1. Among the numbered criteria (1) in a helix (DSSP H, G or I); (2) over 17 Å from GLU118 (Cα atoms); (3) out of contact with any strand residue (DSSP E or B) (no Cβ under 6 Å at 6 or more places or on another chain), which single criterion is violated by LYS9?
2. Which numbered condition trips up LYS60, out of (1) touching a helix residue (DSSP H, G or I) at 6+ places or on another chain (Cβ under 8 Å); (2) under 29 Å from THR10 (Cα atoms); (3) not hydroxyl-bearing (Ser, Thr, Tyr)?
3. Would you be able to tell me the number of residues in the stretch 97-139 that are farther than 15 Å from ASP71 by Cβ and aromatic (Phe, Trp, Tyr)?
4. Could you please find all residues in the stretch 75-99 being within 18 Å of the chain's Cα centre (by Cα) and within 10 Å of ILE137 (Cβ to Cβ)?
5. Criterion first (out of contact with any Asp or Glu (no Cβ under 9 Å at 6 or more places or on another chain), modelled with pLDDT of 95 or more and not polar (S, T, N, Q)) does ASP139 satisfy it?
6. Enumerate the helices (runs of 4 or more DSSP H) found wholly within the stretch 21-111, keeping only those where 1 or more residues are small (Gly, Ala, Ser) and modelled with pLDDT under 95.
7. Restricting to the stretch 86-137, and then to whatever is in contact (Cβ under 8 Å) with a residue 24 or more places away in the chain and hydroxyl-bearing (Ser, Thr, Tyr), can you tell me which residue is surrounded by the most Cβ atoms within 10 Å (Cβ to Cβ)?
Amino acid sequence: MKPNLDTLKTDIEHHLEESGLAIFYGYSRAIESVPVVYWNCDQYSDYRLFIKAAQTAGAKLIVFHQHRFSDEQVEDALEQLTASDLSREEHREFERRLNEMRVYGDFVCSIELSFDHEGRVFLFDLRTDWYDEFSEILDEIQALDTESDAGDDDTPIGGYFSKN
(Lines give C-alpha, C1' and ligand atoms only; values in the text may rest on other atoms or scores of the structure.)
Protein backbone atom coordinates (compact mmCIF):
# COMPACT_ATOMS: atom_id res chain seq x y z
CA MET A 1 0.00 0.00 0.00
CA LYS A 2 1.11 3.55 -0.59
CA PRO A 3 3.14 5.12 2.20
CA ASN A 4 0.89 8.19 2.11
CA LEU A 5 -2.84 8.39 1.49
CA ASP A 6 -2.91 12.14 0.66
CA THR A 7 -3.61 11.62 -3.04
CA LEU A 8 -6.31 9.07 -2.33
CA LYS A 9 -7.92 11.45 0.19
CA THR A 10 -8.26 14.09 -2.54
CA ASP A 11 -9.64 11.53 -5.01
CA ILE A 12 -12.24 10.37 -2.47
CA GLU A 13 -13.35 13.94 -1.75
CA HIS A 14 -13.81 14.64 -5.47
CA HIS A 15 -15.71 11.40 -5.99
CA LEU A 16 -18.01 12.14 -3.05
CA GLU A 17 -18.74 15.64 -4.37
CA GLU A 18 -19.56 14.23 -7.81
CA SER A 19 -21.77 11.51 -6.33
CA GLY A 20 -24.06 14.05 -4.68
CA LEU A 21 -23.51 12.70 -1.18
CA ALA A 22 -22.99 15.22 1.60
CA ILE A 23 -19.57 15.04 3.24
CA PHE A 24 -19.40 15.43 6.99
CA TYR A 25 -15.84 15.81 8.25
CA GLY A 26 -16.03 13.98 11.55
CA TYR A 27 -14.00 12.01 14.03
CA SER A 28 -13.31 8.30 13.82
CA ARG A 29 -16.40 6.20 14.35
CA ALA A 30 -14.61 2.89 14.87
CA ILE A 31 -15.40 3.04 18.59
CA GLU A 32 -19.13 3.72 18.41
CA SER A 33 -21.66 2.47 20.92
CA VAL A 34 -23.85 1.21 18.06
CA PRO A 35 -22.92 -1.94 16.14
CA VAL A 36 -20.23 -1.35 13.52
CA VAL A 37 -19.97 -3.30 10.27
CA TYR A 38 -16.49 -3.13 8.70
CA TRP A 39 -15.94 -3.11 4.96
CA ASN A 40 -13.44 -5.73 3.75
CA CYS A 41 -10.68 -3.38 2.62
CA ASP A 42 -8.25 -6.27 2.09
CA GLN A 43 -10.25 -7.67 -0.82
CA TYR A 44 -12.22 -4.58 -1.84
CA SER A 45 -9.99 -1.57 -1.27
CA ASP A 46 -11.71 0.54 -3.94
CA TYR A 47 -13.57 3.24 -2.04
CA ARG A 48 -15.97 3.70 -4.98
CA LEU A 49 -17.56 0.32 -4.24
CA PHE A 50 -18.20 1.41 -0.65
CA ILE A 51 -19.71 4.71 -1.79
CA LYS A 52 -21.92 2.88 -4.30
CA ALA A 53 -23.11 0.56 -1.50
CA ALA A 54 -23.90 3.62 0.65
CA GLN A 55 -25.92 5.19 -2.18
CA THR A 56 -27.78 1.94 -2.83
CA ALA A 57 -28.63 1.74 0.89
CA GLY A 58 -30.07 5.26 0.66
CA ALA A 59 -27.34 7.16 2.49
CA LYS A 60 -27.32 10.90 1.91
CA LEU A 61 -24.33 11.67 4.11
CA ILE A 62 -20.87 10.14 4.42
CA VAL A 63 -18.74 10.79 7.48
CA PHE A 64 -15.16 11.37 6.31
CA HIS A 65 -12.24 11.07 8.70
CA GLN A 66 -8.55 11.18 7.97
CA HIS A 67 -5.70 10.69 10.40
CA ARG A 68 -2.30 12.28 9.94
CA PHE A 69 0.66 10.61 11.59
CA SER A 70 2.73 12.86 13.82
CA ASP A 71 6.02 12.86 15.68
CA GLU A 72 3.93 13.24 18.84
CA GLN A 73 2.65 9.70 18.35
CA VAL A 74 6.23 8.44 18.24
CA GLU A 75 7.09 10.52 21.33
CA ASP A 76 4.09 9.13 23.22
CA ALA A 77 5.08 5.60 22.26
CA LEU A 78 8.66 6.23 23.41
CA GLU A 79 7.36 7.53 26.75
CA GLN A 80 5.26 4.40 27.12
CA LEU A 81 8.34 2.35 26.28
CA THR A 82 10.42 4.18 28.89
CA ALA A 83 7.76 3.51 31.54
CA SER A 84 7.71 -0.21 30.71
CA ASP A 85 9.73 -2.93 32.44
CA LEU A 86 11.21 -4.39 29.27
CA SER A 87 14.75 -5.73 29.11
CA ARG A 88 17.50 -3.48 27.78
CA GLU A 89 17.64 -5.41 24.47
CA GLU A 90 13.87 -5.28 23.96
CA HIS A 91 13.84 -1.59 24.84
CA ARG A 92 16.56 -0.78 22.29
CA GLU A 93 14.88 -2.79 19.54
CA PHE A 94 11.51 -1.12 20.07
CA GLU A 95 13.14 2.31 20.31
CA ARG A 96 14.92 1.73 16.98
CA ARG A 97 11.71 0.60 15.29
CA LEU A 98 9.73 3.54 16.66
CA ASN A 99 12.36 6.07 15.60
CA GLU A 100 12.25 4.64 12.06
CA MET A 101 8.57 5.66 11.95
CA ARG A 102 9.49 9.35 12.16
CA VAL A 103 9.96 9.46 8.37
CA TYR A 104 6.16 9.25 8.04
CA GLY A 105 5.52 12.44 10.03
CA ASP A 106 2.58 14.44 8.64
CA PHE A 107 1.56 11.67 6.19
CA VAL A 108 -2.09 10.62 6.03
CA CYS A 109 -1.97 7.16 7.54
CA SER A 110 -5.65 6.23 7.60
CA ILE A 111 -8.87 7.18 5.88
CA GLU A 112 -12.26 6.29 7.24
CA LEU A 113 -15.61 6.61 5.49
CA SER A 114 -18.84 5.70 7.22
CA PHE A 115 -22.60 5.95 6.97
CA ASP A 116 -25.55 4.95 9.14
CA HIS A 117 -28.14 2.43 8.04
CA GLU A 118 -30.80 0.66 10.12
CA GLY A 119 -29.10 1.25 13.46
CA ARG A 120 -25.62 0.26 12.34
CA VAL A 121 -22.52 2.15 11.30
CA PHE A 122 -21.02 0.88 8.05
CA LEU A 123 -17.29 1.62 8.01
CA PHE A 124 -14.59 1.74 5.34
CA ASP A 125 -11.24 1.90 7.18
CA LEU A 126 -8.14 2.03 5.00
CA ARG A 127 -4.69 2.22 6.60
CA THR A 128 -1.16 2.24 5.32
CA ASP A 129 0.98 -0.83 5.97
CA TRP A 130 3.47 1.22 7.98
CA TYR A 131 0.71 2.55 10.26
CA ASP A 132 -0.47 -1.01 10.86
CA GLU A 133 3.13 -1.83 11.78
CA PHE A 134 3.23 1.12 14.19
CA SER A 135 0.03 -0.13 15.85
CA GLU A 136 1.49 -3.63 16.12
CA ILE A 137 4.62 -2.24 17.81
CA LEU A 138 2.44 -0.50 20.41
CA ASP A 139 0.48 -3.71 20.98
CA GLU A 140 3.73 -5.68 21.41
CA ILE A 141 5.08 -3.20 23.95
CA GLN A 142 1.86 -3.37 25.96
CA ALA A 143 1.73 -7.17 25.79
CA LEU A 144 5.36 -7.60 26.85
CA ASP A 145 4.97 -5.05 29.65
CA THR A 146 1.81 -6.80 30.87
CA GLU A 147 3.67 -10.13 30.86
CA SER A 148 6.49 -8.68 32.95
CA ASP A 149 3.97 -7.15 35.39
CA ALA A 150 2.23 -10.52 35.76
CA GLY A 151 5.56 -12.09 36.72
CA ASP A 152 6.00 -9.83 39.78
CA ASP A 153 5.26 -12.24 42.62
CA ASP A 154 6.62 -10.01 45.36
CA THR A 155 3.77 -7.49 45.18
CA PRO A 156 1.16 -7.98 47.89
CA ILE A 157 -2.42 -8.82 47.04
CA GLY A 158 -4.48 -5.64 47.23
CA GLY A 159 -6.29 -5.14 50.54
CA TYR A 160 -4.29 -7.77 52.43
CA PHE A 161 -1.41 -6.90 54.73
CA SER A 162 0.31 -9.11 57.21
CA LYS A 163 2.58 -8.05 60.07
CA ASN A 164 3.87 -11.60 60.66
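1. For LYS9, the failing item is (3).
2. Condition not satisfied by LYS60: (1).
3. 3
4. Passing the criteria: ALA77, ARG97, LEU98.
5. Here the answer is no, as ASP139 does not meet what is asked.
6. On the way: elements: 47-56, 71-83, 88-100.
Qualifying helices (runs of 4 or more DSSP H): 71-83.
7. By that ranking, first place goes to SER114.
The values are calculated or read from the model by the stated rules, or taken from the named source; none is laboratory data. The structure displayed is predicted, hence computed values, not measured ones. Heads up, the Cβs are rebuilt from the backbone with ideal geometry, glycines too, and the neighbour counts pull from every protein chain shown.
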